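Chemist: Could you have a look at this structure, given as structure tokens, before my questions?
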Amino acid sequence: MSEFELIRDGEQTWDVVVVGGGTAGLSGALNLARVRRSVLVIDKGEPRNAPAAGAHGVLGREGISPLELLRLGREEVASYGGRVVSGQVARISRDGAAFRVVTEGGQRVRTRRVLVTTGLVDVLPDVPGLAERWGRDVLHCVYCHGWEVRDKVIGVLGNFHQALLFRQMSKDVTLFLHTATELTDEQWEQLAALGVGVVDGEATGLEVDSQDQLAGVRLASGKVVPVQQLVVAPRFLARAGFLRELGATMQEHPMGLGEQLQVDASGFTGVQGVWAAGNVSDVLAGVPAAAAAGTTAAAAIHMDLLKADAEAAARAAKDGEVFSGAMEAEASRRVQGSRAHGLGSLPGGN
């Protein structure tokens, strides 16, 4: 019997299906499981930061392997009754008041709410060799990797802002103009004042030494400029195509860095019953921010379910038998405390 056959036993309707098992998804699942929600995490097992040696800025877990962090997270979710299974969601559709989640393998599960934490795809500049070295000596985030490359010879591919960021980490920084727009006079002055070198011409490849270490950037002219690390600016694209049927809205990041799901402060997508957290809705979120967003979304989902459960219970009570005096007194006592209107609250009542 497969994982999905086990979790579909009796056609269970889950409280929440979390689509994606990275930091945001596991954080959300953990907090939902701790308030006794039935939670299923569906994850393909290909985290974006897998090539990185460590996850940084994670308080109490600084430098931990990204894969080890997720392993620990899955164990924590399971310890509270949450389930994590392998799979990739292909489609989510309405199923009455709930949702039907369908994987690429054709497995189906039903859920009341959905938390989307599928992350993003890094679309790298079109320079041969970048993808093979991504997360090693081809980088993009100073907060993720800056300390590790401090004082090294750093190249920056076509991005003035990143040149400033990495100049803080090393005195030997070179900005390759590549295909970027022309710098302003003010930018030229700032780079000169900071001692950042500027190289004109398009980058066409990388040079690697005999130890499989980045050694330089090759230009269209044939010239090779020595560097030990290369900083690039990918375009970030949220992995959210499977939400198209539900009408979720994609939007351009305010800084023009890519596309992400549109959400409010709680992670609500505007589609009733669907929340999102992590890089799928904030392309700049690092590991700590993604975890926090997962926690925030989990709290919002739990409150939404509590409201739905309370409303359903009230409807069921109206449709059933009229309360007896004892039942009414007990209900009033629990809800109103000392203000309860049952007989027990009257003078001389028992």
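Chemist: Name the one entry in Gly57, Gly45 that is assigned to a loop (DSSP other than H, G, I, E, B), within 20 Å of Ile92 (Cα to Cα) and of a type outside the set (Phe, Trp, Tyr). Steps first, please.
Modeler: On the way: Gly57 fails: within 20 Å of Ile92 (Cα to Cα).
Testing whether each residue is assigned to a loop (DSSP other than H, G, I, E, B), within 20 Å of Ile92 (Cα to Cα) and of a type outside the set (Phe, Trp, Tyr) leaves just Gly45.
Chemist: Could you list, in sequence order, the residues of the stretch 95-128 that are within 20 Å of Gly270 (Cβ to Cβ) and among the hydrophobic types (A, V, I, L, M, F, W, C)?
Modeler: Ala97, Ala98, Phe99, Val101, Val114, Leu115, Val116, Leu120
Chemist: Answer with yes or no whether Thr249 is farther than 30 Å from Lys44 by Cα, open to solvent by less than 70 Å² (accessible area, probe 1.4 Å) and among the hydroxyl-bearing types (Ser, Thr, Tyr). If you could, list the steps in order and put the result at the bottom.
Modeler: Working: farther than 30 Å from Lys44 by Cα: no; open to solvent by less than 70 Å² (accessible area, probe 1.4 Å): yes; among the hydroxyl-bearing types (Ser, Thr, Tyr): yes.
When the stated conditions are applied, Thr249 does not pass them.
Chemist: Between Glu75, Glu68, which is out of contact with any strand residue (DSSP E or B) (no Cβ under 7 Å at 6 or more places or on another chain) and closer than 25 Å to Trp134 by Cα? Before you say what the answer is, go through the steps one by one.
Modeler: Details: Glu75 fails: closer than 25 Å to Trp134 by Cα.
Being out of contact with any strand residue (DSSP E or B) (no Cβ under 7 Å at 6 or more places or on another chain) and closer than 25 Å to Trp134 by Cα holds for just one of Glu75, Glu68, which is Glu68.
Chemist: Exactly one of (1) over 24 Å from Cys144 (Cα atoms); (2) crowded, with 20+ Cβ neighbours inside 10 Å; (3) under 31 Å from the mean Cα position of the chain (by Cα); (4) touching a residue at least 60 places away in the same chain (Cβ under 8 Å) is unmet by Ala203. Its number?
Modeler: Just one mismatch for Ala203, condition (3).
Chemist: Also, quick follow-up: I'd like to check something: does the stretch 263-284 contain any residue that is open to solvent by 20 Å² or more (accessible area, probe 1.4 Å), farther than 26 Å from Met169 by Cβ, of a type in the set (S, T, N, Q) and at pLDDT 95 or above? Walk me through it before giving the result.
Modeler: Filtering the stretch 263-284 for residues open to solvent by 20 Å² or more (accessible area, probe 1.4 Å) gives 263-266, 268, 270, 272, 279, 282, 284.
Checking which are farther than 26 Å from Met169 by Cβ leaves us with 263-266, 268, 270, 272.
Next cut, of a type in the set (S, T, N, Q) only: 266, 272.
Filter once more, keeping what is at pLDDT 95 or above: 266, 272.
Checked against the condition, which is being open to solvent by 20 Å² or more (accessible area, probe 1.4 Å), farther than 26 Å from Met169 by Cβ, of a type in the set (S, T, N, Q) and at pLDDT 95 or above, the stretch 263-284 yields at least one hit.
Results for (1) in contact with a His (Cβ under 8 Å, 6 or more places away or on another chain); (2) on the phi > 0 side of the Ramachandran plot; (3) open to solvent by less than 50 Å² (accessible area, probe 1.4 Å); (4) at pLDDT 95 or above, shown as yes or no for each residue.
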residue: Leu243; (1), (2), (3), (4): no, no, yes, no
residue: Pro254; (1), (2), (3), (4): no, no, no, no
residue: Ala292; (1), (2), (3), (4): no, no, no, yes
residue: Phe323; (1), (2), (3), (4): no, no, no, no
residue: Arg333; (1), (2), (3), (4): no, no, no, no
residue: Leu343; (1), (2), (3), (4): no, no, no, no
residue: Asn350; (1), (2), (3), (4): no, no, no, no
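Chemist: Right, another one. Residues in the stretch 17-62 that are surrounded by fewer than 18 Cβ atoms within 10 Å (Cβ to Cβ) and of a type in the set (A, V, I, L, M, F, W, C): how many?
Modeler: Total meeting the criteria: 5.
Chemist: Could I ask something else about it? Got a number for residues in the stretch 180-191 being exposed (fewer than 13 other Cβ atoms within 10 Å of the Cβ) and within 23 Å of Ser221 (Cβ to Cβ)? Please lay out each step first, then the result.
Modeler: So in the stretch 180-191, the residues exposed (fewer than 13 other Cβ atoms within 10 Å of the Cβ) come out as 181-182, 184-186, 189.
Remaining after also requiring within 23 Å of Ser221 (Cβ to Cβ): 181-182.
The qualifying residues number 2.
Chemist: Here is a follow-up. Tell me, please, whether a residue that is under 27 Å from Asp304 (Cβ atoms), in a loop (DSSP other than H, G, I, E, B) and touching a helix residue (DSSP H, G or I) at 6+ places or on another chain (Cβ under 7 Å) can be found in the stretch 22-33.
Modeler: Step one: list which residues in the stretch 22-33 are under 27 Å from Asp304 (Cβ atoms), which gives 22-33.
Cutting the leftovers down to in a loop (DSSP other than H, G, I, E, B) gives us 22.
Next, only the ones that are touching a helix residue (DSSP H, G or I) at 6+ places or on another chain (Cβ under 7 Å) stay: 22.
Yes, the stretch 22-33 contains a residue that is under 27 Å from Asp304 (Cβ atoms), in a loop (DSSP other than H, G, I, E, B) and touching a helix residue (DSSP H, G or I) at 6+ places or on another chain (Cβ under 7 Å).
Chemist: If we scan the stretch 68-87, do we find a residue that is part of a loop (DSSP other than H, G, I, E, B), modelled with pLDDT under 95 and open to solvent by 30 Å² or more (accessible area, probe 1.4 Å)?
Modeler: Within the stretch 68-87, not a single residue is part of a loop (DSSP other than H, G, I, E, B), modelled with pLDDT under 95 and open to solvent by 30 Å² or more (accessible area, probe 1.4 Å).
Chemist: Return a yes/no flag: does the stretch 300-312 have any residue that is in contact with a helix residue (DSSP H, G or I) (Cβ under 7 Å, 6 or more places away or on another chain), open to solvent by 60 Å² or more (accessible area, probe 1.4 Å) and modelled with pLDDT of 95 or more. First the steps, then the outcome.
Modeler: Looking only at the stretch 300-312, we keep the residues that are in contact with a helix residue (DSSP H, G or I) (Cβ under 7 Å, 6 or more places away or on another chain), and these are 301-302.
Checking the rest, the ones that are also open to solvent by 60 Å² or more (accessible area, probe 1.4 Å) come to none.
Among the residues of the stretch 300-312, not one is in contact with a helix residue (DSSP H, G or I) (Cβ under 7 Å, 6 or more places away or on another chain), open to solvent by 60 Å² or more (accessible area, probe 1.4 Å) and modelled with pLDDT of 95 or more, which makes the answer no.
Chemist: Which condition number in (1) touching a residue at least 24 places away in the same chain (Cβ under 8 Å); (2) open to solvent by less than 40 Å² (accessible area, probe 1.4 Å); (3) out of contact with any Phe, Trp or Tyr (no Cβ under 6 Å at 6 or more places or on another chain) is the one that Gln168 fails?
Modeler: (2)
Chemist: Right, another one. Limited to the stretch 88-115, what total is found for residues that are in contact with a strand residue (DSSP E or B) (Cβ under 7 Å, 6 or more places away or on another chain) and either buried (at least 21 other Cβ atoms within 10 Å of the Cβ) or in contact (Cβ under 8 Å) with a residue 60 or more places away in the chain (or both)?
Modeler: Of all residues in the stretch 88-115, those in contact with a strand residue (DSSP E or B) (Cβ under 7 Å, 6 or more places away or on another chain) come to 88-93, 95, 98-104, 108-115.
Filter again for either buried (at least 21 other Cβ atoms within 10 Å of the Cβ) or in contact (Cβ under 8 Å) with a residue 60 or more places away in the chain (or both), leaving 89-93, 98-99, 101, 103, 108-115.
Residues that pass the stated criteria total 17.
The values are calculated or read from the model by the stated rules, or taken from the named source; none is laboratory data. Worth saying up front: this structure is predicted, and the values here are computed from it rather than measured. Neighbour counts run over all protein chains shown; Cβ positions are idealised from the backbone, glycine included. Heads up: the accessible areas ignore ligands, DNA and RNA and are worked out on the full protein's heavy atoms, side chains in. Shrake-Rupley method; radii C 1.70, N 1.55, O 1.52, S 1.80 Å.
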